[in-house]
Amino acid sequence: MFESIIEQIKDIQKIVFVTGAGISQESGIPTFRGKDGLWRNYNAMELATIDAFYKNPKLVWEWYNERRKNIFVAQPNLGHKAIAELEKYAEVVILTQNIDGLHQKAGSTKVLELHGSIVKIKCSVCDFKDEMITEFSEIPPLCKCGNILRPDVVWFGESLPQDVWQKAIIFSSQCDLMIIAGTSLVVSPANTLPIYAKQNNAILIEINPEKTEMSSEMDLIIRNTSASALPKFVSMFKEN
Ligand code: BJW
Ligand code: ZN
């Protein structure tokens, strides 16, 4: 079984990665649902919601400011770098739920950020959008229109950016191989992407030290961390 999948993989052209917090764990960025995912006794489910932001924007901004500091010093790990290198051998698209920009920092060129980006901000009311260059002296910061600015990320109860989501569906529906790395697949709609790939008879591979919601759907499971597994996986393409 394993050998037959490996043989098929070598001839594959269109590869889609679906990545989550676990892929950046070895860069020192905590995952959401792991033991280290707690912040001041809050968990992500409590903070990453539009309701939490309206109830206590200062608290939510403090959480993002602290994460931003950590993310800015973080470096891509061997997992991010292996995916970037794979572009030499195949057509690679990354559909990431992460907001940390580490895939791009590693050199990957086709990255769709499903849940936004830590470096972007937008107004909670008007159409204003910008990149956050420096920290704001007062939080929550205000837009020129007088309303509160917010991180340009997708919280629970909000829709994903429709243009990004439509492209994610198209790439997933057309790929030959989907590699799902470092995500618990508990959050929708990102966790439906493997279904689109499966409908195209794509091979599904999961890279995760733990079982996920969709492990039973996978053609191959690599129970290892992404920084350990991905360089070995990419080396198979080099040998071809
Ligand atoms: C390693 C590793 C290593 C560790 N190597 N692996 C009921 C009421 C209301 C809504 C809903 C509801 N039921 C369902 C919904 C929809 C909701 C949802 O899915 N909720 C579920 C939790 C039940 N989804 C939404 O609301 C989404 N929008 C939507 O559906 O729109 C339509 C709609 C509109 C209005 C009302 C209802 C529906 C939006 C979801 C947005 C999620 N946002 C966040 C925050 C983003 C910004 C930020 O980063 O701050 O996205 S929450 C958080 O979860 C973040 C992540 O991207 C996302 C996924 O988490 P991820 O990446 O999988 O991380 P973990 O921690 O869960 O898993 C890490 C994995 O790595 C683990 O498996 C480890 O084993 C593994 N690992 N080390 C490899 N070294
Ligand atoms: Zn505004």
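The residues on offer are 177, 149, 204, and the sole one that is over 18 Å from residue 95 (Cα atoms), crowded, with 19+ Cβ neighbours inside 10 Å and away from ligand 1 (no atom under 14 Å from the Cβ) is 149.
Of the set (1) touching a helix residue (DSSP H, G or I) at 6+ places or on another chain (Cβ under 7 Å); (2) closer than 16 Å to residue 95 by Cβ, all apply to residue 192 but (1).
If the condition is being under 25 Å from residue 18 (Cβ atoms) and within 16 Å of ligand 2 (Cβ to nearest atom), then the range 105-121 contributes only 120. With a requirement of 1 or more residues that are touching a Lys or Arg at 6+ places or on another chain (Cβ under 6 Å), closer than 17 Å to residue 79 by Cβ and within 16 Å of ligand 2 (Cβ to nearest atom), none of the helices (runs of 4 or more DSSP H) lying completely within the range 125-239 satisfies it.
Every number here is computed from the coordinates shown, using simple stated rules; none is lab data. This is a predicted model, so every value here is computed, not measured. Every residue, glycine among them, receives a Cβ derived from its backbone with ideal geometry; neighbour counts consider all protein chains shown.
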